[in-house]
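**Student:** Got a structure for you, written out below as structure tokens; questions coming shortly.
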Amino acid sequence: MENLKFAAENDNQDTEYVAPIPFEEWCSKNIERLAEDVEYGAKYLKDLGDDFVDRMGKLASEKQRMSEAELLKWEEDYASQWNIIERVLNTVDMNNSTHEAMVYQAKHEYKMFFSKSKDEDLRDTLEAQCGRFYRQRSLALREAIEKSNDEDKEADLKLLSGFYLAVYDHLDLKYLSKEDIRYKYGDNYKAYDDSRTAAHNNAIKHLNAINGLAKKYHTTPFTPRNFWTSEDQDQTVEMSKRMRFDRDAVEGFYNIAFSEEVRKREHKLSREIQSY
């Protein structure tokens, strides 16, 4: 759809050349149709997500694990449709504020942010399961950065390392005992909750950032799409649903990617609770 051409109105006459119009201009003239296309694409991704959860359940019943090759096929299917949706929405909303764009996007993507997964951390979703291959993809990206002559390579390496540091910051807060929360925050539980939310948002930002690095250095992205934080407080119902889904999906991702660290913290917190 980059350079659309329109057919001549009368096929019996000589075809008159019509200059191709830019993608952005075509979008601006077909907003209603594009909204329908986006909603169709969102329904496709909703169905794909549900099929993935079903597939995970089948593998679990057979005591098998999904291979990286199979997961990658699911990711490629998802990313292909997602990129089309995002390109259209970004074009439609290019003159809007960030908030207005988010309202519009959440409205038309609304149906896709639900899953058959009953776990709070959406562990069986495609986004979360990508965490199984975080270390391999992180290593491949690190090697690509180190071999490059990019002038920003040192900053990019630091950004890559920043993801797990951001995750650990969130885990530090998530697995605080009530006694530790009281020691650090007194009776101001809201301050603790705000700190934990900010750390979670920071981890989401870092995951989005390293996805960007993977694209820059032509390695496999960590997830097939990026995620929203909850920083915009003027939320519609649709925005809130997506933000909740995204937060749980990202937490599911790093609960899998850093499963050993999570188990250590869970065990430590359990011991502290039993000691009171």
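The values are calculated or read from the model by the stated rules, or taken from the named source; none is laboratory data. Since the structure is predicted, the reported quantities are computational estimates derived from the model, not experimental observations. When we count neighbours, we look across all protein chains shown, and the Cβ atoms used for this are built from the backbone with ideal geometry, even at glycine.
**Student:** Is it the case that Glu120 is in contact with a helix residue (DSSP H, G or I) (Cβ under 9 Å, 6 or more places away or on another chain), closer than 22 Å to Val250 by Cβ and at pLDDT 90 or above? It would help to see each step written out before you state the result.
**Tutor:** Numbers: in contact with a helix residue (DSSP H, G or I) (Cβ under 9 Å, 6 or more places away or on another chain): yes; closer than 22 Å to Val250 by Cβ: yes; at pLDDT 90 or above: no.
Considered against the rule, which asks whether it is in contact with a helix residue (DSSP H, G or I) (Cβ under 9 Å, 6 or more places away or on another chain), closer than 22 Å to Val250 by Cβ and at pLDDT 90 or above, Glu120 comes out as no.
**Student:** Is it the case, given these coordinates, that Arg247 is out of contact with any Phe, Trp or Tyr (no Cβ under 7 Å at 6 or more places or on another chain) and without any contact (Cβ under 8 Å) to a residue 40 or more places away in the chain? Full working, then the answer.
**Tutor:** On the way: out of contact with any Phe, Trp or Tyr (no Cβ under 7 Å at 6 or more places or on another chain): yes; without any contact (Cβ under 8 Å) to a residue 40 or more places away in the chain: no.
So Arg247 does not fit the description; no.
**Student:** Test of understanding: among Tyr192, Tyr164, which residue is over 30 Å from Met112 (Cβ atoms) and either out of contact with any Gly (no Cβ under 7 Å at 6 or more places or on another chain) or not β-branched (Val, Ile, Thr) (or both)?
**Tutor:** Values: Tyr164 fails: over 30 Å from Met112 (Cβ atoms).
Selected residue: Tyr192, the only one of Tyr192, Tyr164 that is over 30 Å from Met112 (Cβ atoms) and either out of contact with any Gly (no Cβ under 7 Å at 6 or more places or on another chain) or not β-branched (Val, Ile, Thr) (or both).
**Student:** Within region 89-99, is there a residue that is within 19 Å of Arg244 (Cα to Cα) and either at pLDDT 90 or above or touching a helix residue (DSSP H, G or I) at 6+ places or on another chain (Cβ under 7 Å) (or both)? I'd like the intermediate steps shown before the answer.
**Tutor:** First pass over region 89-99, keeping only residues within 19 Å of Arg244 (Cα to Cα): 98-99.
Those still in the list that are either at pLDDT 90 or above or touching a helix residue (DSSP H, G or I) at 6+ places or on another chain (Cβ under 7 Å) (or both) too: none.
Checked region 89-99: no residue is within 19 Å of Arg244 (Cα to Cα) and either at pLDDT 90 or above or touching a helix residue (DSSP H, G or I) at 6+ places or on another chain (Cβ under 7 Å) (or both).
**Student:** If I filter region 217-239 for residues that are of a type in the set (D, E, K, R), under 30 Å from Lys178 (Cα atoms) and at pLDDT 95 or above, do I get at least one hit? Please lay out each step first, then the result.
**Tutor:** Looking only at region 217-239, we keep the residues that are of a type in the set (D, E, K, R), and these are 225, 231-232, 234, 238.
Within this subset, residues satisfying the condition of being under 30 Å from Lys178 (Cα atoms) are 231-232.
Among the residues that remain, those that are also at pLDDT 95 or above are: none.
No: zero hits.
**Student:** Specify the residue that is surrounded by the fewest Cβ atoms within 10 Å (Cβ to Cβ); the eligible residues are those in region 32-54 that are over 17 Å from Glu127 (Cα atoms) and among the hydrophobic types (A, V, I, L, M, F, W, C).
**Tutor:** Applying the filter and picking the extreme gives Ala35.
**Student:** Restricting to region 64-93, give me the number of residues that are within 16 Å of the chain's Cα centre (by Cα) and small (Gly, Ala, Ser).
**Tutor:** Matching residues across region 64-93 total 2.
**Student:** Moving to a separate point now. Run Ser61 past the list (1) over 16 Å from the mean Cα position of the chain (by Cα); (2) surrounded by 13 or more Cβ atoms within 10 Å (Cβ to Cβ); (3) at pLDDT 60 or above; (4) of a type outside the set (Phe, Trp, Tyr) and report the number of the one that doesn't hold.
**Tutor:** The one condition Ser61 does not meet is (2).
**Student:** Right, another one. Is it fair to say Ala155 is without any contact (Cβ under 8 Å) to a residue 60 or more places away in the chain, outside any loop (DSSP other than H, G, I, E, B) and surrounded by fewer than 14 Cβ atoms within 10 Å (Cβ to Cβ)? Walk me through how you get there before you give the answer.
**Tutor:** Values: without any contact (Cβ under 8 Å) to a residue 60 or more places away in the chain: yes; outside any loop (DSSP other than H, G, I, E, B): yes; surrounded by fewer than 14 Cβ atoms within 10 Å (Cβ to Cβ): yes.
Answer is yes for this residue.
**Student:** So, one more: Hey, any hits in region 129-148 for a residue that's touching a residue at least 40 places away in the same chain (Cβ under 8 Å) and farther than 16 Å from Phe222 by Cα?
**Tutor:** Yes, because at least one residue in region 129-148 is touching a residue at least 40 places away in the same chain (Cβ under 8 Å) and farther than 16 Å from Phe222 by Cα.
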